[in-house]
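The values are calculated or read from the model by the stated rules, or taken from the named source; none is laboratory data. As the structure is a computational prediction, the values presented were derived from the model and not from experiment. Neighbour counts run over all protein chains shown; Cβ positions are idealised from the backbone, glycine included. Calculation scope for accessible area: heavy atoms of the full protein, side chains included, ligands and nucleic acids excluded. Shrake-Rupley method; radii C 1.70, N 1.55, O 1.52, S 1.80 Å.
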Amino acid sequence: MKTTLEIPDTVFRRAKSAAVARGIPLREFFTEAVRDKLAAKSKSSEKPWTKLMGKLKHLHKETLRINRVITEDSGRIDPEMWR
């Protein structure tokens, strides 16, 4: 499909230089660039934190232990110390 795009001169020159350096036609360079941008967009729409879900599960018991120690020690604090 043919289309006309308005691209800033500096961007066009850089794209043309990059295409020449890679030894591919400018048409192919733009096609790859758009394809890559579309693929990146679909990947970025995923919530990044979902990749890390469950990675710290092994620390659950340690977290409970730490919370228990904090709770126990907070009962030993002398209120006069904090005045």
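Descriptive notes on the structure:
- Hits in the range 30-51 (condition: over 17 Å from the mean Cα position of the chain (by Cα) and either open to solvent by less than 70 Å² (accessible area, probe 1.4 Å) or at pLDDT below 70 (or both)): 30, 31, 32, 33
- Test for residue 54: is it at pLDDT 95 or above and more than 16 Å from residue 3 (Cβ to Cβ): no
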